[in-house]
Structures are given as C-alpha cells and as structure tokens.
Amino acid sequence: MKTWMMLVLILSGILVEAQSTMDEKDEKIARQVQELLDKMTLAEKVGQTNLYNGTWEFTGPVPADDNSQEKAELIKNGGVGGMLNVLTAKGTREAQKLAVENSRLGIPLIFGYDVIHGYRTMLPVPLAQAASWDPEVARKGAEVAAREAAASGLHWTFSPMIDISRDARWGRIMESAGEDAFLTSVMTKAWVEGYQGEDLSAVHTIAACAKHFAAYGFAEGGRDYNTVQISDQTLYNVVLPPFKVAADAGVATFMNAFNELNGVPANGSEFLQRDILKGKWGFDGFVVSDWGSIGEMITHGFAANDKDAARKAMRAGSDMDMEARAYEKHLEALVSSGELDEKILDDAVRRILTIKFKLGLFEDPYRYCDEQRESESIGTTENLAVAREAGRKSIVLLKNDKGLLPLPKDVKSIAVIGQLANSKDVPLGSWRAQAVTNSAVSVLEGIESAVSSDTEVTFAKGYTLTTGRRTFIHELTIVPEDETGFDEAIAVAKSAEVTVLVLGEDCFQTGEGRSQTDIQLKGSQLALFRELMKVNQNIVVVLMNGRPLAIPELAAEAPALVETWFAGSQAGHSIADVLFGKYNPSGKLPVSFPYHVGQEPLYYDRKSTGRPQTNATDDGLVFWSHYTDAPNEALYPFGYGLSYANFAYDQLKLSKSDNGVTVSVSITNTSSLDGIETVQVYVHDVVASWTQPTKRLVAYKQVELKAGSTYTVEFELTEQELGFYHQGYEFYAEDGTFVVMVGGNSRDVLKKSIDLSF
Ligand code: BGC
C-alpha cells in the first residue's frame, strides 16, 4: 500500500477515534446533567439562571437593590448560577466556596468577565485585530487572553463581540471586527478557537460568548442602545453569518442584546433565539442576557412588569439573567402557577449545567483558582511579545507620499508631538479588563528605543485633548480649544529633521455609551497640524483611534499617514517597528473611512440603486443618488492599506469549475522590498431575485511576496461564496452573470464577468 494511503487511513482512524471519544464524553455529560437535574428543586433550578455581579467592580448601572450580604446568602442557598466581575484566584475561590460548601447540591458557580482584548496584557482592540486580516492574530491574542484570565480564576469571557457595524458614530464599533460579514466571520472563528482551545476543561482555556445577538451594531443614527430596524435581507446576509460561524465553531455561549429588532427586544425574540439559534443552527450552549436587559423590555414597551419580562425572556430562549434579577424574583412563581412550562426552565438549566461540566467544574470547582499559576501566567514576556506582533500587524499605512517612511534609524533628529504621543494609557484602549493604568509603551518610548544613540528625540505636548477623570463609566471631558502648547511644538518641529505627530481620540471616546455625532479630530489637533506643516513638511501623522475618522485635510496634506488604532500594551514598540521598517506594514482597513460624518452609515457593499453614479452627467443634472456637498465614495475604502513594497495586479482569469468558478490572478512585487499583500476577491451577482450589493467580499488570501517576484493566486468560488440567503432564510445561488473583482482593496480592482448555473 502506498505510504500516503496508509497515512490517510491512520489519520481517519485517529479522527474517528477522537470523534467517538468526544461523543462518549458528551453522552456522559448529558447523563450527569440529567441525574443532577432530577435532584434539583424548582428553586435550585431557578438559581442556575441567575448571573450576579460581584462587589469587586461593576461595569454597568448598579442595581438599586444591590446588596452583597443578601447575595452571599443566596449563593449559599444555591440561588445563583454564576457571577461576573469576581476576579483573582483567591477571590473566585472564596466566592466558589460559598456555593460549593454551603448549597445543598454544591453546584459550582461559573465566573464571567469582559475579557475583550486581553486580561492584563492588552492586545490591540478588536477592530485593530481585524485590520490585520490575519486570523492568527485573533487566535493567538485570544489564547493569551484566555491563559491570563483562566489563571485569575475565570471560566468565561463575554467575547467576541461580532456585531457588524457600518456606522462610525457608534462607540462600540471599536469592539467589533468592522463592517463586513465575511471578514468578521474569519476573525470570529479564530477568536472562538483561541479562547476555547480543543478542550474547555483545560486550565488555560475559557468559554467564549458570541455577542450581541442580534443587530446591536445597527442602532439608528449610531446612537448606542437605539432602536434597530433592518430588513430580513440585511439580517440574514450581513448580521447573522458571523454568529452562525461562532455557533458552528462550538462557541459555548451567546449573549443577546439591549436593542429591539424590528419591534421585538432581542431578549424576547423567539425568532432569534429559538427559531434561528437553537433551532436552525442547533446551538446547544446557553444564552445569557445583557446587563439588566430582561428588565429593560419594560421600558422598551414590550413587557408590562418584571414578571412579564421574565416569562417572555425565558420562553424566548434567554437562559440566564444578567443582573435584571427578574428570573430570581419570578420564575418560581411562573412555573408553579403554570404560566411557564417547567420544561422550558429545565432546558435552560440543562444548557448551563452542561457548560459547567464541560469546563470541568464538577470534577474540581477550584481548578482555575491556582495562585501559583496566576503569579506565573499573567503579563509574561511571551504574552507581551504576542501583543507586539499583533500590534504591528494591525497597523494600516494610509499614505506615504515622498517615501518619507520607513524612517532611517539614524535620522538626526525627530520631534515627537502630541498629548497622545506621550500617553501610556490611551493605547490600552477601552474595555481593558485588568490592564494596569498607564502601563502601555507610549509612541515616544517606542521611538526612543528604536532610534540610534545619535538621534535626538524631542517631545512637545502640542495640544490637550481631554481634561479631568478618564474612566470606563464616566462621561469624558474634551478640551474644545487650547493653543497654549503650540509655540513649543512649533519650535520643536522647526528644528527637527522629521516630525512624528500623534493625533486621534482618547480611548474613552469609544466603547459602550460613547457614540458621537462628530467624527473629526477633536479640539485643537487639526489647527496644530496646520501650524506644524508651515515649519516642517516632513510630518508623519500617526493616528490613534477606535473608529473611522473623517480626516480629509490630513489625507490631502500630510505626507505620511499611519493608522495605529489602540494597539495595546506594546503599542509604542509595534508602531516604531512599522515607522522604522522593522516590520513592513500589511494591515488593511476593516471599515470605510468617510470624508464627512454625513456619509454615515458608510460601507462598501452597497446596492446600485436605480440611479447610481454612472447616471451622473457632465451637464450637471442632479438626478442621481448623491450628496451635493460630499462624494459618495469613502476617503479610504474598506480593504485599503499600503505597504512599503508595491504590488501590481494582472491577468485576472475566470474559468468554470464543477462547483462554480476558479479565479486566478497574478501579483508582482514591483519594489525592492519583501512585503505581504492581502489579495481580496469580491463578487456581484448582477441580476437576482433580491438585489445584491455591487461588490461583496467572498474570499481573500495573504501572500508574502519577495522583492521583484510574481505569484499567481487561485481561488475556488462555489455556491457557498456565490449564493445568498433568500426570504425564509434559505441559502442558494441563482443562475446568471457574476462579476468577479480582485484587488488589494475594495475600490481598485480588476474585474471580469462569467455566466454560471448551479
Ligand atoms: C455590555 C456587554 C457586557 C456586559 C457585562 C454590558 O453593558 O453591553 O457587552 O458583556 O455589560 O459587563
């Protein structure tokens, strides 16, 4: 027998064995859960559905009746299923003891926390990670986050946040992977796999949570918590796909959302939770509500009171109540009176207990409470190295006229200017879990450690962006105008060979409750840029922000523009790696940057309309879909990002294959530097029963191209890439003409058409 055949047989044998061991494990857990469920009283079952906030920290409005003592008693009586914001090996052990050593059945608690982009070691914010277009960045980052969180006693992260967002005004766009369903899906799979690993019971993995189900990113006007009204077409084809990927990847939990969707709050949506998630997708983990959101169904005008909200949410498939305390108060009575079928409650409890078994908590409830491991695993050099690598891969080079970048290491003098340049805190980003305040490497520090000993580095603050307290929960005070630092900055820039000017946002301008109507640079930043340009034309503008910004002046006038987002604990080093060419930038925008906020929501996968741009005439008639005072197009489009190398696309070929179409394109690195290019494939289904976007990302590959080399990249597009969800949530492709577009961003593409039938 040929060796490869032997190998295939052995491998399939191993796979079958692994699968059956998995099945046996699952069957055993199912039996154990049922045995336990059979022993539980109604009150104990209800207890499992309560998720309480710990007293250590809070991340939302504190419930009016918050009372730690009362909570402790309830835990002891088996009245609580899990806690959030209880931290450290010691803290979680103490809380766990209350449940395990006092309650009748000793059912362990599950401890959850918002580990959004790292626990102590901060990875770049999720939007930045998505800008790497590299799932390994997401996977390795999630592994680091999981290792640190698990070592601190945690079992469960409320991440990934995979809400598609097309609106830069929404502060939570920073927590997302941006505007595109395909890119978000790629990152989602990697995040889930990174957090959960192969085995949830391993001491370095944690359960993930796909949130917020669903359509939270479509809040009207980008205003957080606002109403969401979207079509079935958008829901099925844009919002749901990443969530389906999360379910298919085995994500342990889902979180529903604060918003209503087309008139029904997510918590009360049987359609989302029962029909789609637990029905069509066969999701067998549990659904947790968002903070207090079951109770908010009353203010939405969907439930009459707490009891009504509890009944509606449980019936709709919300298994666990985060801090509304509606289940705690009313589920028992609802079941006893027959208003709620006990089978529905049993299903919720079964799901919660199953995850606890999978985490290994019944074998040893203290398995994650190891102070020794905690002291060795958090903020390690290895973890920081992952953060540095993730940071530099997330950076997007937007402009490099005059070839100002990369900077030579032995440049004589550099002026580093801007309050953000010196900040050791802003790069940590919002939703920063247990990051230590002011612990990031600043841009200034990064530059100082990258340059030669002969280089003179001078810093000037230039502008003041914020004043007063900067916290996750309080409003931020932006300084409207302040030119007091201008003279010093101008003097410093004047005498330097190169100026690195850091502009952007404070990290607390983004995150929950941080929507803005204005997405230009705040305060005196732009005024300072204009003044500096008068005295030194060699300005590299480094942007630090968590949302797309409207920066047409910078795009027009700055010779070099580098998007660095909030790049995490090692930000300064990651940024310096790119500025000095130690890393050749490879990031691509996961969101469109507008000229003007009035273009929002702005996204690349738009419909043609009946009157597209091609209808515009030279005689100045207005009858086409446009603004009279701003372009339709993005300032920097989705998928855009430069390298210090240059790539030329050529020879796009399409040929029919058994299942669809084979696409090939040749790419030449026309520069003298090696570089990485992200080759993107978009399609347009020209005539369809539901009109389709004029382009939609369906595949991409990252290729490393040696200087001067040419490489042919191939893609197979099948019904999966060419089809779409139809009315009734049915997925299939329609026969007809498809335009296939390939390029290094969503705007500059080669295109060809092909007729296909399926
Ligand atoms: C947020 C969630 C978060 C939860 C717990 C809510 O306000 O919307 O994303 O997981 O708080 O902190």
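The values are calculated or read from the model by the stated rules, or taken from the named source; none is laboratory data. As the structure is a prediction and not an experimental result, all values here were calculated from the model. Heads up, the Cβs are rebuilt from the backbone with ideal geometry, glycines too, and the neighbour counts pull from every protein chain shown. Each accessible area value is taken on the protein alone, full model and side chains, heavy atoms only, with ligands, DNA and RNA left out. Shrake-Rupley method; radii C 1.70, N 1.55, O 1.52, S 1.80 Å.
Based on what the data block shows, is Ala648 free of Cβ contacts under 8 Å to residues at least 24 places away in the same chain and either within 30 Å of Gly598 (Cβ to Cβ) or over 26 Å from the mean Cα position of the chain (by Cα) (or both)? It is true that Ala648 is free of Cβ contacts under 8 Å to residues at least 24 places away in the same chain and either within 30 Å of Gly598 (Cβ to Cβ) or over 26 Å from the mean Cα position of the chain (by Cα) (or both).
Yes/no matrix, rows are residues, columns are (1) surrounded by fewer than 17 Cβ atoms within 10 Å (Cβ to Cβ); (2) farther than 19 Å from Lys522 by Cα; (3) under 29 Å from the mean Cα position of the chain (by Cα):
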| residue | (1), (2), (3) |
| --- | --- |
| Ile447 | no, yes, yes |
| Val451 | no, yes, no |
| Thr477 | yes, no, yes |
| Asp487 | yes, yes, no |
| Ala496 | no, yes, no |
| Thr499 | no, yes, no |
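In segment 147-183, the residue that is surrounded by the fewest Cβ atoms within 10 Å (Cβ to Cβ) out of those that are outside any loop (DSSP other than H, G, I, E, B) and more than 16 Å from the ligand (Cβ to nearest atom) is Phe182. Only residues that are within 18 Å of Tyr700 (Cα to Cα) and in contact with a Ser or Thr (Cβ under 6 Å, 6 or more places away or on another chain): list them for segment 617-642, please. Of everything in segment 617-642, those that are within 18 Å of Tyr700 (Cα to Cα) and in contact with a Ser or Thr (Cβ under 6 Å, 6 or more places away or on another chain) turn out to be Pro637, Phe638, Gly639. Within segment 189-228, being open to solvent by less than 10 Å² (accessible area, probe 1.4 Å) and free of Cβ contacts under 8 Å to residues at least 40 places away in the same chain holds for one residue alone: Val228. Here Tyr729 passes the criteria (1) under 27 Å from the mean Cα position of the chain (by Cα); (2) surrounded by 15 or more Cβ atoms within 10 Å (Cβ to Cβ) except the one numbered (2).
Taking segment 275-295 as the range and being over 20 Å from Leu51 (Cβ atoms) and either touching a residue at least 12 places away in the same chain (Cβ under 8 Å) or touching a Leu at 6+ places or on another chain (Cβ under 7 Å) (or both) as the test, the residues that pass are Ile276, Lys280, Trp281, Gly282. Taking the criterion of being within 16 Å of the ligand (Cβ to nearest atom) and surrounded by 24 or more Cβ atoms within 10 Å (Cβ to Cβ), the residues of segment 229-260 that qualify are Pro242, Phe243, Ala246, Val251, Ala252, Thr253, Phe254, Met255, Asn256, Ala257, Asn259. Within segment 104-118, the presence of at least one residue that is within 16 Å of the ligand (Cβ to nearest atom) and surrounded by fewer than 24 Cβ atoms within 10 Å (Cβ to Cβ) is confirmed.
Before we move on, is Gln434 open to solvent by 30 Å² or more (accessible area, probe 1.4 Å), touching a residue at least 24 places away in the same chain (Cβ under 8 Å) and under 20 Å from the mean Cα position of the chain (by Cα)? Taking the combined requirement at face value, the residue satisfies it. List the residue pairs whose Cβ atoms are under 9 Å apart, where the first residue sits in segment 336-350 and is hydroxyl-bearing (Ser, Thr, Tyr), the second is in a helix (DSSP H, G or I) and surrounded by fewer than 19 Cβ atoms within 10 Å (Cβ to Cβ), and the two are 6 or more positions apart or on different chains. So the pair list comes out as Ser336/Leu42.
Filtered by the rule that a residue be touching a residue at least 40 places away in the same chain (Cβ under 8 Å) and away from the ligand (no atom under 16 Å from the Cβ), segment 314-332 gives Met314, Arg315, Ala316, Gly317, Tyr327, Glu328, Leu331, Glu332. The set of residues from segment 189-212 being within 16 Å of the ligand (Cβ to nearest atom) and over 14 Å from the mean Cα position of the chain (by Cα) comprises Ile206, Ala207.
Elements of the type helices (runs of 4 or more DSSP H) sitting completely within segment 516-598 and holding at least 3 residues that are open to solvent by 30 Å² or more (accessible area, probe 1.4 Å): these cover 525-535, 552-557. Taking the criterion of being touching a residue at least 40 places away in the same chain (Cβ under 8 Å), in a helix (DSSP H, G or I) and either of a type outside the set (Lys, Arg) or over 23 Å from Lys140 (Cβ atoms) (or both), the residues of segment 359-376 that qualify are Glu371, Glu374, Glu376. Every condition in (1) modelled with pLDDT under 95; (2) on the phi < 0 side of the Ramachandran plot; (3) within 16 Å of the ligand (Cβ to nearest atom) is met by Trp4 except one, and the failing one is (3). All conditions in (1) assigned to a loop (DSSP other than H, G, I, E, B); (2) under 24 Å from the mean Cα position of the chain (by Cα) hold for Lys278, with the sole exception of (1).
Residues of segment 686-731 that are of a type in the set (D, E, K, R) and out of contact with any Ser or Thr (no Cβ under 8 Å at 6 or more places or on another chain): Arg696, Glu704, Lys706, Glu719, Glu721, Glu730. Name every residue in segment 98-108 that is at pLDDT 95 or above and part of a helix (DSSP H, G or I), in order of residue number. Hits for segment 98-108 are Ala99, Val100, Glu101, Asn102.
Scanning segment 659-696 for residues that are open to solvent by 50 Å² or more (accessible area, probe 1.4 Å) and of a type in the set (A, V, I, L, M), we see that the one that is nearest to Arg747 (Cα to Cα) is Val686. Of all residues in segment 54-88, those satisfying the criterion of being modelled with pLDDT under 90 and within 16 Å of the ligand (Cβ to nearest atom) are Gly54, Thr55, Trp56, Glu57, Phe58, Thr59, Gly60, Pro61, Val62, Pro63, Asp66. Please enumerate the residues belonging to segment 261-274 that are of a type outside the set (Gly, Ala, Ser) and within 16 Å of the ligand (Cβ to nearest atom). The answer is Leu261, Pro265, Asn267.
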